[in-house]
Amino acid sequence: MRKLTYCVAATLDGYIAGPDGQYDFFPFGGEEAAAILADFPETMPTPAREPLGIADRAARRFDTVVMGRATYDPGLKAGLTSPYAHLRQYVVSRTLVSPDPAVTVVDDPVALVRELKAQDGMDIWLCGGGKLAAALRDEIDELIIKRNPIVIGSGIPLFDGPFAPTDFAVAGTRTFDSGLTITTFSKVVR
């Protein structure tokens, strides 16, 4: 069965974006960028793939992306209707009408993920945001947190929902000279 993996950049204080959705404060370069491009090339938006030299690089982990409306909107406002054209794309929203035939809009994220998990394919990437991650907490099988040595004080948390303790175990950590860590956590099934 396919896994749902929440793979996301975060700050030391647990935010995935600033209060207004800003994410440009996350650095991307050096050995960290090389590792991310090698291990997770499919997580780069389609327009960035050629400039990054990975336009033809095959997916390693994911063939499907699920994102919330707030994650999708910045690209849409810039005219990018299909940000991950190299993946099957789903946006969770109760109000959006899909502006692109390559993007499927759904309003029930749990039903979507359960349906996707039952299908053949590679794993499913949950790329954001915090409210969607909270709604899918019980469906998330794995977390990959790219923790940056930055504190921002407020913003969009990793999980923006009700108090609901959920156990994960460290499956591996990679540390870089810059202080960035990429830690993989597997859900503890009780």
Global form of the range 120-190, assessed from the alpha-carbon gyration tensor, a/c cut-off 1.5 | oblate
First check a/c for the range 1-81, with a ≥ b ≥ c the square roots of the eigenvalues of its C-alpha gyration tensor; if it is under 1.5, answer rounded, and if not, answer prolate when a/b is larger than b/c or oblate otherwise.
-> rounded
May I ask you to compute the full-extension gain from A59 to E115, defined as 0.36 nm times their residue separation minus their alpha-carbon distance, rounded to one decimal in nm?
-> 18.0 nm
Dipole magnitude of the chain, debye to nearest 20 (Cβ charges: Lys/Arg +1, Asp/Glu -1, about Cα centre) | 260
Quick one: grab the alpha carbon gyration tensor of the range 42-130, order the square roots of its eigenvalues as a ≥ b ≥ c, and give me rounded if a/c is under 1.5, else prolate or oblate depending on whether a/b is larger than b/c.
-> oblate
Solvent-accessible area per residue for the chain at a 1.4 Å probe radius, Å²?
-> 51
For the chain, build the charge dipole from Cβ charges (+1 Lys, Arg; -1 Asp, Glu) around the Cα centre, then report which of A169, L76, A59 sits farthest towards its positive end.
-> A169
In the range 1-67 the accessible area split gives carbon plus sulfur, as whole percent at 1.4 Å, a share of 54
For the range 168-178, take each phi angle, set θ = phi - 60°, evaluate the Karplus expression 6.51 cos²θ - 1.76 cosθ + 1.60, and give the result in whole Hz per residue in order, putting x for glycine and proline.
-> 10, 10, 5, 9, x, 9, 10, 10, 10, 4, 6
Neighbours of T173 by Cβ distance under 13 Å: Lys/Arg at +1, Asp/Glu at -1, summed charge +3
In whole percent, how big is the carbon plus sulfur part of the accessible area of the range 72-167, probe 1.4 Å, protein atoms only?
-> 53
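The values are calculated or read from the model by the stated rules, or taken from the named source; none is laboratory data. Since this is a predicted model, take the numbers as computed values, not measurements. No Cβ is skipped: glycine too gets one built from the backbone with ideal geometry, and neighbour counts run over all protein chains shown. Protein only, heavy atoms only, side chains kept; ligands, DNA and RNA dropped before computing areas. Shrake-Rupley method; radii C 1.70, N 1.55, O 1.52, S 1.80 Å.
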